[in-house]
1. Which members of the range A:142-173 meet the condition of being more than 21 Å from A:I59 (Cβ to Cβ) and more than 7 Å from chain B (Cβ to nearest Cβ)?
2. Tell me, which helices (runs of 4 or more DSSP H) wholly within the range B:75-189 include 2 or more residues that are hydrophobic (A, V, I, L, M, F, W, C) and more than 9 Å from chain A (Cβ to nearest Cβ)?
3. Tell me which helices (runs of 4 or more DSSP H) are completely within the range A:85-182 and hold 2 or more residues being surrounded by 13 or more Cβ atoms within 10 Å (Cβ to Cβ) and touching a residue at least 40 places away in the same chain (Cβ under 8 Å), or say none if there are none.
4. If the requirement is being β-branched (V, I, T), surrounded by fewer than 17 Cβ atoms within 10 Å (Cβ to Cβ) and under 30 Å from A:E43 (Cβ atoms), which of these qualifies: B:V122, B:V84, B:V132?
5. Name the residue, out of A:I152, A:I175, that is over 10 Å from B:L121 (Cα atoms) and hydrophobic (A, V, I, L, M, F, W, C).
6. Limited to the range B:1-43, what total is found for residues that are assigned to a helix (DSSP H, G or I), closer than 25 Å to A:G21 by Cα and polar (S, T, N, Q)?
7. Got a sec? Which of B:V24, B:V107 is of a type outside the set (S, T, N, Q) and closer than 30 Å to A:I175 by Cα?
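Every read-out reported here was derived from the displayed coordinates using simple, explicitly stated rules and does not represent laboratory data. Keep in mind it's a predicted model, so treat the numbers as computed, not measured. Backbone-built Cβ (ideal geometry, glycine too); neighbour counts: all protein chains shown.
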Amino acid sequence: MNIYIQLFISFCKIGALMFGGGYAMLPILEHEIVDKKQWFTNEEILDLYALAQCTPGVIAVNTATKVGYKIKGIIGAIISTIGVILPSFLIIIGISVFLKSFSYISYIQNILSGIRIAACAMMVNTLIKLMKAGIKDKIGLIIFFIAAILAIILKVQSVWLVCLAICSGIICGNIKRSKNND
Amino acid sequence: MTDLLLLCYEFFKAGLFAIGGGIVTIPFFNEMADKYSWFTTKDIADMIAVSEATPGPFGINMATFAGYKAFGILGSILASFSMVLPSFIIIIIVSKFLDDFSDNRNVKNAFNGLRPCMCALVLKAWLSIVNVTLIDSDKMANNWFNILSYVKPVPILLFIIIFLGQKYFKKMTPMTWIFFGAFCGLLFL
């Protein structure tokens, strides 16, 4: 099948299944892009998310743009971006046109809770895969723990953590290199 | 016509400055509700409810809905497009830049440092979902020793079922589990 069509369909799937924000998209993204299509590795997904986190805009759109761009340049980026927002766009137009008042029916909340639980369960597996891909040595482990404590307990904002991580990466890389040179 | 241009401008602005996720766009919508007659502050509450309930990126959902309230289908297309445009442009530029520098030692080292950090952020995101779905955080704040008092049994059961199911039925796709979760949510929650 034409790669443009594949790209479009993959991102329509991702866009249609992502409930609850950028990170909840990860299991579905990982399944489509890494497992099925093998367009990216788990390592590259982490790099992707790092980029999507630091740039303005919605994580889902940033991710779609980047993947599409890598596969087929600017046209790929346009196709993947349209794909990821199209399903929700159509659903919302449908709701706006046909439902004069969006009823807060309790069963919609229950369905959403069920979906969130499913995303939560799937994320465990995805997180483990990402950790295996992203934490390769002791330094990585240390960065992980420090970042986790800063983010979760001290509630430091991601922007600062990203800056810290970039600096740590560069510094540790250079220290390693000068150690190897000795 | 100028109204439509203003719409594009406002949503482009929101898309440009919303760093870190869709929720950050909400203040921009509040500002728009005050400045223009496109929608009211009360509408925003509805929009948030719908945007969270529908799939897709929260910020774009808000734009679609708000654009529709302002100028019908044309408004929703323009608003969504305008909000997506800044990140689209920036990502393309940064990707080109990174591609050119991908062999640079420091860029590689930077990413090596970034990856464990991103894992930590995913962990944080997971914990916040757990907090909403599996735990009663008010009760936990009061008494965190007694674990049984604040865990929600039915959600946790569903969580365990899906988690184990995912391990042992590897052929099932995420889509299946999401439908399963939706179905169970409807029946049992």
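1. Those that are more than 21 Å from A:I59 (Cβ to Cβ) and more than 7 Å from chain B (Cβ to nearest Cβ): A:I142, A:F145, A:I146, A:I149, A:I153, A:L154, A:C167, A:I171.
2. Numbers: elements: B:105-133, B:137-142, B:153-168, B:174-188.
Correct list: B:137-142, B:153-168.
3. So the answer is A:106-134, A:158-181.
4. Within the list B:V122, B:V84, B:V132, the selection yields B:V132.
5. A:I175
6. The number of residues fulfilling the criteria is 3.
7. Values: B:V24 fails: closer than 30 Å to A:I175 by Cα.
Result of the check over B:V24, B:V107: B:V107.
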